[in-house]
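Visitor: Quick one: structure below, then a few questions.
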Amino acid sequence: MPEVWLKIGQIAALLGVSTKTLRHYQKVGLLRDPSRTEGQYRMYTPEDLERIRQIRDLQNLGLTLNEIGYVLDSPERDRVLQQLLTLKVQELDRQIEQMQGQKRKAEHLLQKGQPFQDLLEQKLPEVWKAQLENLSGTLSETAIAREKQLMGKMLSYPALQDPAQLEQDIRFMEEHPEVRDQLVSWTQRVDQTDDPAELDRLALEFAESDFLRPLLGPPEVLNDPTAEFILLALLPPESKERAVLEQVRAHLKRRHHEPF
């Protein structure tokens, strides 16, 4: 039995930690299994107290318990700790850079009256933003904002729009201005009416257009439950846009003689 010792509660109080923490240090091998009294009280020595202090100091530097054990059990503590701290500083620099970027983005959003909308618009490639802004004289501001939100939502799902697909879409619209012009014209007419009959006629026009129909993907997509799920997620509930696209899909299903 050691001549001088303290119980686990006394050690915990000295260091401002819980007894559970000390037991965890012992469980993961950072502390030796202390001797026990006949009453099964753990007996911690001054050497144990010093080792726990070192563990806490290293934890406050951000080292993991595995790293701390490696340092304290190494015959070259100072050299090993220097190496680990060098890596820690590099990691902290990366985290600080990331946090500074997040701070700049948050500050930018704070300046906007509609931060949710602007958060989506920030995801758009500059070339897409420029193309949409060029339509400001043709489409309403509401329609342009809606398209930006829709594109931003799509870009939130990497599986929907990978970088290669983005490049392909951009090139397609640049190489086929007739498709872009028809889509703009169709969107403009949808934006200008709330008449159910006219909206259904526009949905049918889209479904029958050789230019616009391929924009929704191959025919097999019509009965794909995942595609239906994504459509419902991208467009706001009860929105005119969702209703029109659902009408388009219904016309396409009838066109291909597929069940609803």
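Visitor: Can you run down the residue pairs with Cβ atoms below 7 Å, 6 or more apart or on separate chains, where the first is in region 35-54 and under 11 Å from Ile8 (Cα atoms) and the partner is part of a loop (DSSP other than H, G, I, E, B) and of a type in the set (Ser, Thr, Tyr)?
Guide: These pairs meet every condition: Met43/Thr37.
Visitor: Let me ask something else. Being over 14 Å from Leu58 (Cα atoms) and either in contact (Cβ under 8 Å) with a residue 60 or more places away in the chain or not aliphatic (A, V, I, L, M) (or both) is the filter here; which residues of region 87-98 pass it?
Guide: Residues satisfying the conditions are Gln90, Glu91, Asp93, Arg94, Gln95, Glu97, Gln98.
Visitor: Could you list, in sequence order, the residues of region 191-214 that are surrounded by 15 or more Cβ atoms within 10 Å (Cβ to Cβ), at pLDDT 90 or above and not small (Gly, Ala, Ser)?
Guide: Leu199, Asp200, Leu202, Leu204, Glu205, Phe206
Visitor: Take the residues in region 120-143 that are touching a residue at least 40 places away in the same chain (Cβ under 8 Å) and closer than 12 Å to Ile170 by Cα; name whichever of them is surrounded by the most Cβ atoms within 10 Å (Cβ to Cβ).
Guide: Here the answer is Trp128.
Visitor: How about region 158-191: which of its residues are touching a residue at least 40 places away in the same chain (Cβ under 8 Å) and either over 21 Å from Ala130 (Cβ atoms) or touching a Phe, Trp or Tyr at 6+ places or on another chain (Cβ under 6 Å) (or both)?
Guide: Leu160, Val190
The values are calculated or read from the model by the stated rules, or taken from the named source; none is laboratory data. Treat the numbers as computed from the prediction; the structure is a model and nothing was measured. For neighbour counting, all protein chains shown are included, and Cβ atoms are generated from backbone atoms with ideal geometry for every residue, glycine included.
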